[in-house]
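Each reported figure results from applying straightforward, stated rules to the coordinates on display, with no laboratory input. Note that the coordinates shown come from a computational prediction; the quantities given were computed from them, not determined experimentally. Positions of Cβ are backbone-derived with ideal geometry, glycine not excepted, and every protein chain shown enters the neighbour counts.
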Amino acid sequence: MTEEPCQCSDCQRFYREHDRLIREFPTLKEQQELNWASLQSFRTLCGKVSEELQKKITELETDNKDSEINNHVNHSQITEALSEIENINAYLYSIEALMERIFEVKVSEQIESKFREVAGEIAPDPLNIDRLILNRLFHQASDKPDKETNSN
């Protein structure tokens, strides 16, 4: 018996996004480009937030308007967050090095077609009319004993 996928809202959102990315980017080349763009946007965002936090630390250190206690708490919290973001950036650089190796892989159009075919199988379009009909049939079918007894 296979384990059922988690039904919590976070997991369901992940499954939908996962399937959407497969449907919209069904080739090796598209997945490579998508992952590269995602990685770069993550690095850009983390870099910009790091810059902003560095500015905030400088402001706190030069601003004497805040009380010593508030200044210390803010400074401490920002320093801790900055340290964590710097760790993220280090990991992102490592991932980028691995991604460069992934970009070296090229496949023929026949193999790209296989990617498209498999993508259609593992993440079919949820708005495809055949898929909608099939889903409707599944939801109407009595698959639990209590449904069978209630319908008799």
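Separation between the Phe14 and Leu60 pseudo-spin-labels, each 7 Å from Cα along Cα→Cβ, expressed in nm?
Label-label distance for Phe14 and Leu60, simple model: 3.2 nm.
Under 13 Å from the Cβ of Asp10, count the other residues' Cβ atoms, weight Lys and Arg +1, Asp and Glu -1, and hand me the total.
+1
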